[in-house]
1. Considering only residues that are in contact with a Gly (Cβ under 7 Å, 6 or more places away or on another chain) and within 15 Å of Gly80 (Cβ to Cβ), which ones fall in the range 147-178?
2. Just checking, which of Tyr158, Tyr143, Tyr127 is among the aromatic types (Phe, Trp, Tyr) and within 23 Å of Tyr8 (Cα to Cα)?
3. Would you check if there is a residue in the range 136-144 being among the aromatic types (Phe, Trp, Tyr), touching a Gly at 6+ places or on another chain (Cβ under 6 Å) and either in the same structural domain as Gly14 (by TED's automatic domain parsing) or modelled with pLDDT of 95 or more (or both)?
4. Being more than 21 Å from Thr24 (Cα to Cα) and touching a residue at least 12 places away in the same chain (Cβ under 8 Å), is that true of even one residue in the range 189-203?
5. Taking the condition of being under 17 Å from Val160 (Cβ atoms) and crowded, with 17+ Cβ neighbours inside 10 Å, how many residues in the range 1-15 meet it?
6. Looking at Arg135, Arg129, which is the one that is loosely packed, with under 15 Cβ neighbours inside 10 Å and of a type in the set (Lys, Arg)?
7. Any residue in the range 104-113 that is of a type in the set (Val, Ile, Thr) and assigned to a helix (DSSP H, G or I)?
8. Just one of Gly27, Gly18 is touching a residue at least 60 places away in the same chain (Cβ under 8 Å) and exposed (fewer than 13 other Cβ atoms within 10 Å of the Cβ); which is it?
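The values are calculated or read from the model by the stated rules, or taken from the named source; none is laboratory data. What you see is a predicted model; the values in this text were computed from it and never measured. Here the Cβ is made from the backbone with ideal geometry for all residues, glycine too, and neighbour counts use every protein chain on show.
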Amino acid sequence: MTKIPTLYYFNSRGRGEGTRLLLTLAGVKFNDVRYNSALTPEIRSKTTYGTLPFYEDDDIQLAQSLAIESYLAGKFGLAGESPIERAKILSVSQAAIDFVLPIFHSDTDEKKNRFKNDTLPRLLNSYERLLIDNRNTTNEGKYIVGNKLSWADVSVFYVVDFLLFKGFGELVNQYPALNFAKSSFESIPVINDYLQQRAQNNN
């Protein structure tokens with residue numbers, strides 16, 4: 001029996017949203033299992049490290065968001081076409097964690113100010129520069145690595161979308177290349193449909 005791919009995560013975007021976007025982009029039907037409260041010992045016992053996200057399909061059971069995304073990107077042709085492209089795509093996608101984690105761990109005013117005034121502008125400048133440097137007549141600035149859609153573009157969208165969701169729009173809007181890449185990605189029909197459904201569910 002074929003097992004429908006299943007993602008286990010909380011009822012939020014967090015570190016599960018990249019996997020949802022990759023599966024949606026690949027046109028894969030999947031079970032999106034969401035938890036609204038703390039994990040029980042029973043749920044923890046089913047995962048590799050007792051944490052979420054956790055993913056399974058016919059071939060694998062896998063924990064850790066970056067590993068899950070890397071697996072799916074490779075499986076669906078979104079991981080690059082050469083060792084250099086694959087390394088660059090991984091670099092962009094791994095940097096996405098640096099954007100997101102401080103939002104959850106900035107528990108003092110000092111940490112919040114450092115993230116907003118130092119960490120976030122530095123990281124956004126890096127993504128903006130990579131997009132500008134990669135722009136040519138073939139990709140028109142839509143992609144951050146190479147000339148075709150990749151996991152890296154999913155990561156860029158995820159970061160910008162999440163920052164807007166968390167109230168950093170005034171800063172994010174200062175980066176035209178990033179906003180153009182975001183608009184290009186969300187105009188993909190399957191992604192647009194997913195985002196509309198997500199909005200209806202207030203997620």
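1. Matches in the range 147-178: Ser150, Val154, Ser155.
2. One residue alone meets the criteria, Tyr158.
3. Within the range 136-144 (the criterion being among the aromatic types (Phe, Trp, Tyr), touching a Gly at 6+ places or on another chain (Cβ under 6 Å) and either in the same structural domain as Gly14 (by TED's automatic domain parsing) or modelled with pLDDT of 95 or more (or both)), the answer is no, since none of the residues qualifies.
4. No; the residues of the range 189-203 include none that is more than 21 Å from Thr24 (Cα to Cα) and touching a residue at least 12 places away in the same chain (Cβ under 8 Å).
5. Count: 2.
6. Residue meeting the stated conditions: Arg129.
7. No, the range 104-113 has no match at all.
8. Result of the check over Gly27, Gly18: Gly27.
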